[in-house]
1. Given the conditions (1) touching a helix residue (DSSP H, G or I) at 6+ places or on another chain (Cβ under 7 Å); (2) assigned to a helix (DSSP H, G or I), and given that B:TRP484 satisfies all but one, which numbered condition is not satisfied?
2. Residues that are under 21 Å from A:VAL183 (Cα atoms), assigned to a helix (DSSP H, G or I) and open to solvent by 20 Å² or more (accessible area, probe 1.4 Å): does region A:58-69 have at least one?
3. From the list B:GLU496, B:GLU491, which one is closer than 25 Å to B:LEU10 by Cα, touching a residue at least 40 places away in the same chain (Cβ under 8 Å) and facing another protein chain (nearest Cβ under 9 Å)?
4. Taking interchain pairs and intrachain pairs at least six residues apart, which have beta carbon atoms under 8 angstrom, with the first residue in region B:135-160 and facing chain A (nearest Cβ under 9 Å) and crowded, with 18+ Cβ neighbours inside 10 Å and the second assigned to a helix (DSSP H, G or I) and at pLDDT below 80?
5. Can you name every residue in region B:12-32 that is touching a residue at least 40 places away in the same chain (Cβ under 8 Å) and either at positive phi or within 39 Å of the chain's Cα centre (by Cα) (or both)?
6. Restricting attention to region B:41-79, report how many residues are open to solvent by less than 50 Å² (accessible area, probe 1.4 Å) and either among the small types (Gly, Ala, Ser) or more than 17 Å from B:LEU94 (Cβ to Cβ) (or both).
7. So which of A:THR47, A:THR31 is in the same structural domain as A:ARG169 (by TED's automatic domain parsing), under 20 Å from A:PRO4 (Cα atoms) and hydroxyl-bearing (Ser, Thr, Tyr)?
8. Return the residue satisfying two criteria in turn: it lies in region B:459-488 and is without any contact (Cβ under 8 Å) to a residue 60 or more places away in the chain and in contact with a Leu (Cβ under 7 Å, 6 or more places away or on another chain), and of such residues it is nearest to the other protein chains (Cβ to nearest Cβ).
Amino acid sequence: MPLPEPHDIQRLILRGYRERPVTSYLLMRVTDAAAARTWIGRLAEATAEANRLADEDARQLDAHLARAPALIGTAHPAWRREDNDRVRGLRLMLAFTHRGLERLGLPAQVLETFIPEFRQGMTAPHRSRVLGDVGSEAPENWRWGSDDSPVDMLCAVFAGSHGELESTRLDATLGLRGAGLEVFERIGARLSFTEPFGFADGLSQPRIEGAGTARVAPMTRWDNSLPAGEFLLGHRNAYEQLPVSPYALQEPPGPGVLPRVPGQRDRWDFGRNGSFIAMRQLSQDVEGFRRFTEGQARRDLGDRAGGASEQTLRDAEERVGARMVGRWRSGTPLELAPEWDDPTHRTENDFAYAKEDREGARCPIGAHVRRSNPRDSRTDEAIGVTPEVAMERVNHHRILRRSRVYPAKPGEDGETGIVFLAYNTNLERQFEFVQQSWSPNAHVDALPDARDPMLPGAEGADNTMTVQRQTLATRMRGLSEFVKMRGGAYFFMPGLRALAHLAGIS
Amino acid sequence: MTRHEAITILGELPADIGDGLEALREDLRALGSQMRQDPELRTLHDTERVHFMSFFIVDPEPDVGPGYVALEVNWDGAAGDLYEHLARKAQGVLGRLFSRCRNYPREGGVRDLERFLRAHNRGADAYYLGTPDRSVQQIKTERELRKKAAAKLEEIGWRNTAGHTFRELQRRLPESAGPPPTRSLRVRWSLRRGGFAKMAGASARAGLWVLVFVLGITGLIDLAVRVSLELGAPRPDESSVASLIAWLRAHPLGALIVALAPSAYALLFVFPWWRETPRQLAGKGTRILLGVLRRKLQSWAWRTTLIVGLVGVCPRLFGILHPLIADALTLLGGVLVVVAVGGLTLATFGRVLASLLTPLAAAGWAYLLVHAPQAPVFASEVETIAMAVLSVGVGGLFALATLAVAFAVIHVAWGATAGWLATPVLAMLWVLLFLSNWESPLRLLLYWSVVLLAFLLLAAVEAALFMLAIRRAEEREGNQEASWDLEHLDEVQRHEDHVYQNHLVNVSTIKGKPGTAAHRLRVATLRGVLRAVALAAWVMFNRGDLGGIKSIHFARFLILPDQRRLLFLSNYDDAFGSYLGDFTNVVGVTAVWGNTVSFPRPLFLLWGGIRDEQRFKAFGRRIQRETLGWYSAYHDLSVQDVDGATALRVSLSREVSTAPVGSQPTRIWGGDPMSEAECDEALRSV
């Protein structure tokens, strides 16, 4: 069944703006709530108008789009023509932290109905332990998002060209002057199918049932489609329940009236078609990673390293990296090509672990992709966990990623990294679970290594990575910290009606 | 076998404690932060008998129940030892914990303190152990062994095959492997994982074996009689057992076969239990030979028995219909015997002997068939005995099964004592029933069926009535929405996720106003469910998983003395969310917490509820209480780490030839454990 209200959903969660490869993430603080609400309201209204026109007449929509310099992208099907069409104007995605919603004037009653993870925020002390943001990665060392540098609102701007995102021009286009919003951090980023270390990225995204984005072939080895409620509030989740969604007790006046909470007469759903975002800016030490893989390749080759040809060394190096990630640079899963890259499987995602690779001889159990999505690895027939059951349980902990790589232009000076955005409706069960119970876990599956080699970790620890093989295992030592936290926050991306409601608060 | 004791000492706070409660909480929080520094507490940990320990306060709730100070200990050995230790060496700690409580002997001596502790230990209504049969010391020793093994492995360097590496490891770690694991542990580890299906399968197999055994003996007796007849013995007197015995006396060969047959079979059946021939009993060559023989016999025992049984009994049974059928069956049996003899010799001794023996067997059988075509006729008494044996075999199993069910039902409904008392009585009834009807197995089976049917019917009616009552109660209840109090959340989360293990205290309120039928129904249901949980934890979930959850070290449910609240304590691995998430896959959890207030609404006690994951977790947080002090003897180990280390020790202490090469060595490097100091550091920051 298709999603019932596509025009109410901010588009980014369903489709990633491939036609607009350049991004600027504007991190903002509210300085004047009324002005900020007006600014949001104007955008929401223009977008709602476009939606209305799209319903009535496509030609009128074209004219409207030509006039509007920036709109919030929605999932309205008429807009899908943009994917192939000439790109016009900017598309935005707006999301708010709990603090931001509070400062914009959302009543306390509504604020209290949000899930606790979002209310506490990413930097609450307990959460830092959960997410591994401790020691050198602790929030006080972040560039943004900590209590010293709080963020209220995220405006992600997607554009076709770099010029449009030049800061003065962008601010003028968006009308940010006098909008009551202070942009305190801009992260320029770009669409890229490989992350900075050079590995293909974003290959195993879950498919949202009803979203109509099934461009991939159906899976035979595992099921990758999930109920919409795992990513969008107001829809049934994997437990066939409606996820906890914020609501208002008073009937909202004015534009874009909120829908009623199903089965409740006196509650209005603020969360419907919204989603929570875990955003993390991660800088990547490309040079350090290269040095490590090279050194490890030499150690692996042992006595043979001295006389080895350039090609042999390069192959060994590739193998080291692939085992840390679980895929070759091309994207080929190790599971399908454990010894050599086989680019015919480049974008292959139809594979599982339980049958042929319980012990991690092909894809190490501690590899990044296997840790962050173990698929059916946790099969244990003795206690009734068949591969299907294992898969179903793993699917309770999936996230939808919409990440981009920074800086905006490849090769620009300064650090490189990834702006990681994960959508989910239940932060504790999805994003935090992956981050706490899978990525850094050394106590299940007899994993000896304390953490995912591709995630931030405590500085100075003796980090290891074990590579299980058919009959023997080897261990990489001295993995330094290749990835560092630069900033992060939990955002709520509201639906269009909720945005209009927020803007209409008096 | 290590005995574990779940101790929960509940000291009741006086109603007039008032502001003293907060002062007490603050003091216990301070004591908790000194868990590893306080000298008295240290003497307790130094006993190496405390797995986990915690203390906390159950707040008084007006109209519900008084406040309690609680001390939870998971202790190796008898509870009395702990009382004695606390009373003698930790009086200061006891005072800080319980001196505000009623009946606490403030000026009393050691004996009074012990008496107080004994009187206030409420134990547990349902208790689960994730790492049964292992003492604190053993867990720590095995942890060291694992560390050493990992270090040795780095030394050996994995240059060879896994098998080679493993033997090398065994050679280098002779002393660390320690004594072989206890017998009970070995049996448990060698048994397949629990679960009703598996148990049912096992009993069905056992039943089949008994049946086959009986068939085999009858068949052999039949054969013996035939052989004796061939050897010229007169046909036995059919009239009485006495004359049959006299006949057997007169013909020693027949008697020998008759006597040997059961013994041989008994041996065959006993053999499988000797999993390994003890090292000290025999040399290597003998052991290998014995091993081969044992395996052959095992694999062939039940098949040959079945064949002999069919050959012996079927012609007798079905020959009544028509003599031709008897002949046909005898012929078929002959073919089976020949195939069996051939196959067995071929598999055991090779082609040469098989090609000699098989024709011999065929010839022997043909001779028998030609010379004694008529099936020998037994005395009617013998017939009766055979049928009685049959009915004892089949019926006995049946009786055992009904007894097990009855025990479980009585245990759940009225408690363990009732179960243990009633079951022997029921068993005696069965014996009486059998004795009065043994000569007529058909009637016996009829009785049994009637009793079972009546039992089932009664149970079904009661279950239906009960479910109706529960459903009516459920329909009246509203569904609590998910909401969280951030202040409370901060309070409990402050103690979480410092190390891999966590501690959980939950206090939920049982549904229904006190004194009403609704409340009585809920309390009775809860008691029954907890007994069922306890039984399941004892019978089924004794191998490190609770309905598939592999992250619980020790957990317990306890209905507080006020009968209004349910206490749940757990020492578990990983995160709160992950732990409660695991619960959503276990049906039984709804049956427990479904009887308490604000749990997501269940459907017929068992369904719904827990599957409302987010509301269930909100409920879990709402009923959570602050753990004021917590100690774990090995907080760097998960349940799987503990099991892994034991598995390593078991395999290291085995003979080389049976070491499970392959997967095991790749798993030795389990969880690089945090050092004690690191754990201390992490916990101190609470």
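The values are calculated or read from the model by the stated rules, or taken from the named source; none is laboratory data. Note that the coordinates shown come from a computational prediction; the quantities given were computed from them, not determined experimentally. Using ideal geometry, Cβ is built from the backbone for each residue, glycine included, and neighbour counts are taken over all protein chains shown. Ligands, DNA and RNA are stripped out before the accessible areas are found, and what is left, the full protein with its side chains, is counted by its heavy atoms. Shrake-Rupley method; radii C 1.70, N 1.55, O 1.52, S 1.80 Å.
1. Only one criterion in (1) touching a helix residue (DSSP H, G or I) at 6+ places or on another chain (Cβ under 7 Å); (2) assigned to a helix (DSSP H, G or I) is unmet by B:TRP484, namely (2).
2. No, there is no match, as no residue in region A:58-69 is under 21 Å from A:VAL183 (Cα atoms), assigned to a helix (DSSP H, G or I) and open to solvent by 20 Å² or more (accessible area, probe 1.4 Å).
3. Testing whether each residue is closer than 25 Å to B:LEU10 by Cα, touching a residue at least 40 places away in the same chain (Cβ under 8 Å) and facing another protein chain (nearest Cβ under 9 Å) leaves just B:GLU496.
4. Here the result reads B:LEU153/B:THR165; B:LEU153/B:LEU169; B:LEU153/B:PRO665; B:TRP158/B:THR165, each pair linking region B:135-160 to a residue that is assigned to a helix (DSSP H, G or I) and at pLDDT below 80.
5. Hits for region B:12-32 are B:GLU12, B:LEU13, B:LEU28, B:ARG29, B:LEU31, B:GLY32.
6. Adding up the residues that qualify gives 15.
7. A:THR47
8. Here the answer is B:ALA473.
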